[in-house]
1. Hey, got a sec? Which trypsin sites (Lys or Arg not before Pro) in segment 115-224 land in a DSSP loop and have at most 13 other Cβ atoms within 10 Å?
2. So for the pair Ser307, Gln86, with labels modelled 7 Å out along Cα→Cβ, what separation do we get in nm?
3. Bin all alpha-carbon pair distances of segment 1-136 at 5 Å intervals from 0 and give each bin's fraction as a whole percent.
4. Could you tell me how many degrees, from 0 to 90 and to the nearest 10, lie between the Cα long axis of helix 104-113 and the main elongation axis, the longest principal axis, of the Cα atoms of the chain?
5. Once ligands and nucleic acids are excluded and a 1.4 Å probe is used, how much of Trp35 is accessible, expressed in Å² to the nearest 10?
6. May I ask which of Lys25/Lys354; Lys25/Lys89; Lys44/Lys345; Lys40/Lys284; Lys89/Lys368 have a Cα-Cα span longer than 26 Å here?
7. Counting Lys and Arg as +1 and Asp and Glu as -1, each charge on the Cβ, what is the dipole of segment 1-144 about the Cα centre in debye, to the nearest 20?
8. Largest first, what is the accessible-area ranking of Leu76, Leu87, Leu329 with a 1.4 Å probe?
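The values are calculated or read from the model by the stated rules, or taken from the named source; none is laboratory data. Everything numeric in this text was worked out from a predicted model, so none of it was measured. Using ideal geometry, Cβ is built from the backbone for each residue, glycine included, and neighbour counts are taken over all protein chains shown. Surface areas here come from the heavy atoms of the whole protein model, side chains and all, with no ligands, DNA or RNA. Shrake-Rupley method; radii C 1.70, N 1.55, O 1.52, S 1.80 Å.
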Amino acid sequence: MRIIFSGGGTLGPVMPLIATYQELKKKHLVWEFLWVGTKKGPEKSIAAKCGLPFEFITSAKLRRYWSWQNLSAPFLFLAGFIQSWQLIKKFRPDLLISAGGFVSVPLHWAAWFLKKTTIIHQQDIEIGLANKLMARTADFITTSFEHQKKNFPSDKTIWIGNPVRAGLLHGAKEAAMSHFDLDPNLLTVFVLGGGTGALSLNKLVTNNLVEFIRHCQVIHMTGIGKELSIPLFRGHPDDKFLRERYHPVQFLDEDLLKNVLAAADLVIARAGLSTLSELAILGKPSIIAPIAQTHQVANAEYFAQRSGALVFYEDKMSTADFVKIVKTLLEDNHERLMIGHEMQKIMPRAALQKMCLMIEEIAKTKGKI
């Protein structure tokens, strides 16, 4: 069985498929896999860390507003389509799977012309243009949420939830406590700022850290190249004390990330659906700060309406509001635990198993199992 996963530019369309790849690779050692992404996106390094072969094609972003860059989009798309055609002919996949991202569109359209089986997965609450374009030619469509089924043809759409990396479910709190020399008598806040829009979230946290660090200890994943060089506590009378409670790190590999998540009493993060799915499966009390005027706002509102998180809107709320929200959850154990409990109800836990079972059924029809 040969499978092409695709997506990139950001990590949103990547992580559910990485979870799927890792699970399939464990069960089917002789299957062959390839990731197709963008030239400069973060997906290349993620694929490399997972031992997943990688190819890039030209990507054309189709903007739904006026931009001079739209003028070049048809030519870039045509280049990507030709590259996709050649790549499919060379790799000879039995199945292509995407969770969105414009780089997948020419690939899946070429797959349709070449009569290859395709799956697209809809993560976010709002349906992205890439998935709208691929839905017409896809053989199967999976969704993160049940209500999304109405947006796609019913005869080929299945609600499964959002696949999450299996390894994240088996973290060891004690390992994180030891690694960061954490105080077991303090609450631990994990700031997950490593993705898109990380810099403004990083600043929001560090600019207000002194206001709530007395109540907790903080592990802050800033993102590679997005760390802040400012001397956070210089001149503060409790400089040494505060530094002992703040632990910035650029990146956490999966082994350390699962341990930090296990140790976290509260998580502060963006509202990408991959991140929210992981937090939901783990039942982590969370403050989510969606990037303004993006699909993340709809994601955040969906979780907030179900009492699964508190939302901080950067374009509508003040830093004083942010500090108040953080302090509220640090000081109110009942509220924090209730949010975690409600968070866990939102996302089905068996999404990864359902996705893999679906792929294995397709493999059986092709005589690959």
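1. Values: sites: Lys115, Lys116, Lys132, Arg136, Lys149, Lys150, Lys156, Arg165, Lys173, Lys203, Arg214; in loops: Lys115, Lys116, Arg136, Arg165.
Loop-located and lightly packed - Lys115, Arg136.
2. 5.7 nm
3. Values per bin, smallest distances first: 2, 11, 22, 24, 22, 12, 5, 2, 1, 0.
4. On a 0 to 90 degree scale, this one is about 20.
5. Counting only protein heavy atoms, Trp35 exposes about 0 Å² to solvent.
6. Working: Lys25/Lys354 15 Å; Lys25/Lys89 23 Å; Lys44/Lys345 33 Å; Lys40/Lys284 32 Å; Lys89/Lys368 19 Å.
Cα-Cα > 26 Å for Lys44/Lys345; Lys40/Lys284; rest within.
7. On the way: 18 positive and 8 negative charges, 58 e Å.
Using Cβ point charges on Lys, Arg, Asp and Glu, segment 1-144 gives about 280 debye.
8. Leu76, Leu87, Leu329
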